[in-house]
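**Student:** To start, I am sharing the structure in question, which I have written as C-alpha coordinates.
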Amino acid sequence: MSHSAPQPGPPKPPPRPHGPAMPAGPAGSVRASDAEREAVVELLRIASVEGRLTFAELTERCQAAYCAATRGELERVTSDLPGVGAPGADPAPRLETRRFSAVMGDARERVIGRIEEELNVLSVMGDLVLDLRDAQVPRGEVTIVATAVMGDVKIIVPDGVEVRMSGYGVMGDRRVRTRRPEPGCVVPVVHVRAQAVMGDIKIVDDEHDGRARRAFTSWWEDRKSRH
(Lines give C-alpha, C1' and ligand atoms only; values in the text may rest on other atoms or scores of the structure.)
Protein backbone atom coordinates (compact mmCIF):
# COMPACT_ATOMS: atom_id res chain seq x y z
CA MET A 1 0.00 0.00 0.00
CA SER A 2 1.48 3.27 -1.07
CA HIS A 3 1.49 6.40 1.11
CA SER A 4 1.11 9.86 -0.36
CA ALA A 5 3.93 12.30 0.39
CA PRO A 6 2.95 15.09 2.80
CA GLN A 7 2.09 18.31 1.06
CA PRO A 8 4.27 21.34 2.01
CA GLY A 9 2.42 23.94 4.02
CA PRO A 10 2.53 27.72 3.52
CA PRO A 11 5.94 29.31 4.14
CA LYS A 12 6.53 30.47 7.66
CA PRO A 13 6.94 34.21 8.15
CA PRO A 14 10.40 35.36 9.22
CA PRO A 15 10.87 35.78 12.95
CA ARG A 16 9.89 39.20 14.24
CA PRO A 17 12.50 41.20 16.08
CA HIS A 18 12.09 41.59 19.80
CA GLY A 19 10.94 44.94 21.16
CA PRO A 20 8.37 47.42 19.88
CA ALA A 21 8.34 48.16 16.17
CA MET A 22 9.31 51.70 15.13
CA PRO A 23 6.69 53.46 13.03
CA ALA A 24 7.74 54.25 9.50
CA GLY A 25 7.87 57.89 8.47
CA PRO A 26 9.84 60.49 6.50
CA ALA A 27 13.30 61.31 7.79
CA GLY A 28 12.35 64.95 8.16
CA SER A 29 9.87 64.11 10.92
CA VAL A 30 12.58 62.65 13.18
CA ARG A 31 13.02 64.68 16.34
CA ALA A 32 16.08 66.94 16.31
CA SER A 33 18.68 66.69 19.06
CA ASP A 34 20.38 69.53 20.92
CA ALA A 35 23.67 68.61 19.23
CA GLU A 36 22.05 68.93 15.78
CA ARG A 37 20.63 72.34 16.69
CA GLU A 38 24.06 73.53 17.86
CA ALA A 39 25.62 72.27 14.61
CA VAL A 40 23.11 74.27 12.56
CA VAL A 41 23.73 77.41 14.63
CA GLU A 42 27.49 77.02 14.06
CA LEU A 43 26.85 76.78 10.32
CA LEU A 44 24.80 79.98 10.53
CA ARG A 45 27.63 81.78 12.30
CA ILE A 46 30.09 80.66 9.63
CA ALA A 47 27.67 81.93 6.98
CA SER A 48 27.62 85.28 8.77
CA VAL A 49 31.43 85.41 8.74
CA GLU A 50 31.34 84.72 5.00
CA GLY A 51 28.95 87.61 4.46
CA ARG A 52 26.00 85.41 3.53
CA LEU A 53 23.79 86.48 6.45
CA THR A 54 23.18 89.88 8.00
CA PHE A 55 22.73 90.37 11.74
CA ALA A 56 18.97 90.39 11.25
CA GLU A 57 19.04 87.14 9.25
CA LEU A 58 21.41 85.48 11.70
CA THR A 59 19.13 86.37 14.61
CA GLU A 60 16.00 85.12 12.86
CA ARG A 61 17.56 81.83 11.78
CA CYS A 62 19.26 81.13 15.12
CA GLN A 63 15.92 81.54 16.81
CA ALA A 64 14.31 79.18 14.29
CA ALA A 65 17.10 76.61 14.76
CA TYR A 66 16.84 76.53 18.54
CA CYS A 67 13.05 76.29 18.35
CA ALA A 68 13.05 73.56 15.67
CA ALA A 69 11.46 70.32 16.81
CA THR A 70 12.36 68.07 13.85
CA ARG A 71 15.25 67.52 11.46
CA GLY A 72 13.06 68.75 8.62
CA GLU A 73 12.58 72.10 10.33
CA LEU A 74 16.34 72.35 10.87
CA GLU A 75 17.06 71.60 7.21
CA ARG A 76 14.81 74.44 6.12
CA VAL A 77 16.85 76.89 8.20
CA THR A 78 19.97 76.27 6.08
CA SER A 79 18.42 75.07 2.80
CA ASP A 80 19.73 78.07 0.83
CA LEU A 81 23.25 78.01 2.32
CA PRO A 82 26.21 76.13 0.80
CA GLY A 83 28.38 73.76 2.79
CA VAL A 84 31.29 74.92 4.89
CA GLY A 85 34.25 76.03 2.78
CA ALA A 86 32.24 76.41 -0.43
CA PRO A 87 33.97 78.24 -3.31
CA GLY A 88 33.81 82.00 -3.01
CA ALA A 89 33.31 81.84 0.74
CA ASP A 90 35.63 84.72 1.59
CA PRO A 91 35.10 86.47 4.92
CA ALA A 92 32.83 89.51 4.91
CA PRO A 93 34.73 92.82 4.97
CA ARG A 94 35.74 93.79 8.46
CA LEU A 95 34.14 96.92 9.87
CA GLU A 96 36.88 99.54 10.01
CA THR A 97 34.91 102.39 11.59
CA ARG A 98 34.11 101.65 15.20
CA ARG A 99 33.42 105.20 16.41
CA PHE A 100 30.27 107.08 15.44
CA SER A 101 29.43 110.59 16.61
CA ALA A 102 27.03 113.51 16.21
CA VAL A 103 28.17 116.82 17.71
CA MET A 104 25.72 119.72 17.46
CA GLY A 105 24.13 118.00 14.50
CA ASP A 106 22.32 114.87 13.36
CA ALA A 107 23.71 111.66 11.89
CA ARG A 108 22.34 108.32 10.77
CA GLU A 109 24.78 105.43 10.32
CA ARG A 110 23.99 102.04 8.79
CA VAL A 111 26.62 99.50 9.75
CA ILE A 112 27.68 97.15 6.94
CA GLY A 113 30.59 94.83 7.62
CA ARG A 114 31.89 92.29 10.10
CA ILE A 115 31.72 93.47 13.72
CA GLU A 116 34.46 91.92 15.84
CA GLU A 117 35.27 94.69 18.32
CA GLU A 118 33.50 97.10 20.62
CA LEU A 119 31.61 100.02 19.05
CA ASN A 120 31.60 103.56 20.49
CA VAL A 121 28.67 105.92 19.95
CA LEU A 122 28.69 109.57 21.05
CA SER A 123 26.05 112.30 20.77
CA VAL A 124 26.68 115.83 22.07
CA MET A 125 23.78 118.22 21.51
CA GLY A 126 22.77 116.17 18.48
CA ASP A 127 20.81 113.11 17.37
CA LEU A 128 22.55 109.90 16.29
CA VAL A 129 20.86 106.81 14.85
CA LEU A 130 22.93 103.62 14.51
CA ASP A 131 21.37 100.78 12.47
CA LEU A 132 22.91 97.32 13.06
CA ARG A 133 20.50 95.19 11.05
CA ASP A 134 22.72 94.78 7.97
CA ALA A 135 25.97 94.05 9.82
CA GLN A 136 27.66 90.65 10.09
CA VAL A 137 28.13 89.42 13.65
CA PRO A 138 29.98 86.08 13.58
CA ARG A 139 30.36 85.82 17.34
CA GLY A 140 26.68 86.39 17.95
CA GLU A 141 27.42 89.26 20.34
CA VAL A 142 27.91 93.02 19.95
CA THR A 143 29.17 95.39 22.63
CA ILE A 144 28.38 99.11 22.35
CA VAL A 145 29.47 101.99 24.57
CA ALA A 146 26.86 104.72 24.08
CA THR A 147 27.18 108.25 25.48
CA ALA A 148 24.58 110.99 25.13
CA VAL A 149 25.27 114.49 26.48
CA MET A 150 22.31 116.81 25.89
CA GLY A 151 21.57 114.70 22.83
CA ASP A 152 19.83 111.51 21.75
CA VAL A 153 21.17 108.13 20.65
CA LYS A 154 18.96 105.51 19.02
CA ILE A 155 20.31 102.05 18.20
CA ILE A 156 18.23 99.83 15.90
CA VAL A 157 18.72 96.08 16.35
CA PRO A 158 17.09 93.09 14.60
CA ASP A 159 13.84 91.66 15.91
CA GLY A 160 14.40 88.86 18.41
CA VAL A 161 17.84 89.77 19.78
CA GLU A 162 18.46 89.99 23.50
CA VAL A 163 19.51 93.43 24.73
CA ARG A 164 21.45 93.77 27.98
CA MET A 165 21.85 97.37 29.12
CA SER A 166 23.98 98.74 31.92
CA GLY A 167 25.24 102.20 32.84
CA TYR A 168 23.67 105.31 34.33
CA GLY A 169 21.52 108.32 33.57
CA VAL A 170 21.88 111.83 35.02
CA MET A 171 18.79 113.84 34.15
CA GLY A 172 18.50 111.53 31.16
CA ASP A 173 16.74 108.32 30.12
CA ARG A 174 17.93 104.83 29.12
CA ARG A 175 15.26 102.69 27.45
CA VAL A 176 14.99 99.33 25.72
CA ARG A 177 11.99 98.76 23.45
CA THR A 178 12.45 95.35 21.88
CA ARG A 179 10.44 92.18 21.58
CA ARG A 180 11.60 89.53 24.02
CA PRO A 181 13.05 86.32 22.53
CA GLU A 182 10.98 83.16 22.67
CA PRO A 183 11.51 81.23 25.93
CA GLY A 184 14.18 78.54 25.62
CA CYS A 185 15.74 80.00 22.46
CA VAL A 186 19.33 81.19 22.55
CA VAL A 187 19.70 84.28 20.33
CA PRO A 188 22.39 86.87 19.56
CA VAL A 189 23.04 89.43 22.31
CA VAL A 190 23.63 93.18 22.17
CA HIS A 191 25.43 94.58 25.22
CA VAL A 192 24.99 98.32 25.72
CA ARG A 193 26.89 100.34 28.31
CA ALA A 194 24.83 103.52 28.32
CA GLN A 195 25.81 106.88 29.80
CA ALA A 196 23.08 109.50 29.47
CA VAL A 197 23.69 113.01 30.81
CA MET A 198 20.72 115.26 30.10
CA GLY A 199 20.09 113.09 27.06
CA ASP A 200 18.33 109.91 25.96
CA ILE A 201 19.65 106.53 24.86
CA LYS A 202 17.11 104.21 23.28
CA ILE A 203 17.48 100.71 21.83
CA VAL A 204 14.67 99.58 19.56
CA ASP A 205 14.11 96.64 17.24
CA ASP A 206 12.70 96.79 13.73
CA GLU A 207 9.18 96.21 14.97
CA HIS A 208 9.17 99.17 17.37
CA ASP A 209 11.12 101.44 15.02
CA GLY A 210 8.63 100.73 12.24
CA ARG A 211 5.74 101.34 14.61
CA ALA A 212 7.11 104.78 15.49
CA ARG A 213 7.56 105.65 11.81
CA ARG A 214 4.01 104.60 11.02
CA ALA A 215 2.64 106.64 13.92
CA PHE A 216 4.56 109.73 12.81
CA THR A 217 3.45 109.29 9.19
CA SER A 218 -0.17 108.97 10.29
CA TRP A 219 0.12 112.09 12.46
CA TRP A 220 1.76 114.08 9.66
CA GLU A 221 -0.83 113.06 7.07
CA ASP A 222 -3.62 113.97 9.47
CA ARG A 223 -2.01 117.33 10.19
CA LYS A 224 -1.68 118.13 6.47
CA SER A 225 -5.29 117.20 5.80
CA ARG A 226 -6.44 119.85 8.31
CA HIS A 227 -4.72 122.67 6.44
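The values are calculated or read from the model by the stated rules, or taken from the named source; none is laboratory data. As the structure is a computational prediction, the values presented were derived from the model and not from experiment. Neighbour counts run over all protein chains shown; Cβ positions are idealised from the backbone, glycine included. Side chains included, ligands, DNA and RNA excluded: accessible areas come from the protein's heavy atoms. Shrake-Rupley method; radii C 1.70, N 1.55, O 1.52, S 1.80 Å.
**Student:** Can you check what the net charge comes to around R71, using other residues whose Cβ is under 9 Å from the Cβ of R71 (Lys, Arg +1; Asp, Glu -1)?
**Tutor:** Here the charged neighbours net out to -2.
**Student:** Report the net charge of residues surrounding S166, where surrounding means a beta-carbon distance below 12 angstrom and charges are Lys +1, Arg +1, Asp -1, Glu -1.
**Tutor:** So the surrounding residues net to +3.
**Student:** If I stretch the segment between R76 and R139 completely, what's the gain in nm (0.36 nm per residue apart, minus their alpha carbon distance), one decimal?
**Tutor:** My answer for the length gained is 20.4 nm.
**Student:** How would E118, E141, E96 rank on accessible area, largest to smallest, probe 1.4 Å?
**Tutor:** On the way: E118 70, E141 95, E96 150 Å².
Listed by decreasing accessible area, they come as E96, E141, E118.
**Student:** Return, ordered by residue number, the residues of segment 154-183 whose backbone nitrogen is under 14 Å from a label point located 7 Å along Cα→Cβ of M198.
**Tutor:** 170-173
**Student:** Karplus couplings for segment 58-69 from phi (6.51 cos²θ - 1.76 cosθ + 1.60, θ = phi - 60°), rounded to Hz, Gly and Pro as x?
**Tutor:** For segment 58-69, the Karplus-derived couplings read 4, 4, 4, 6, 4, 4, 5, 5, 5, 8, 5, 9 Hz, x marking Gly and Pro.
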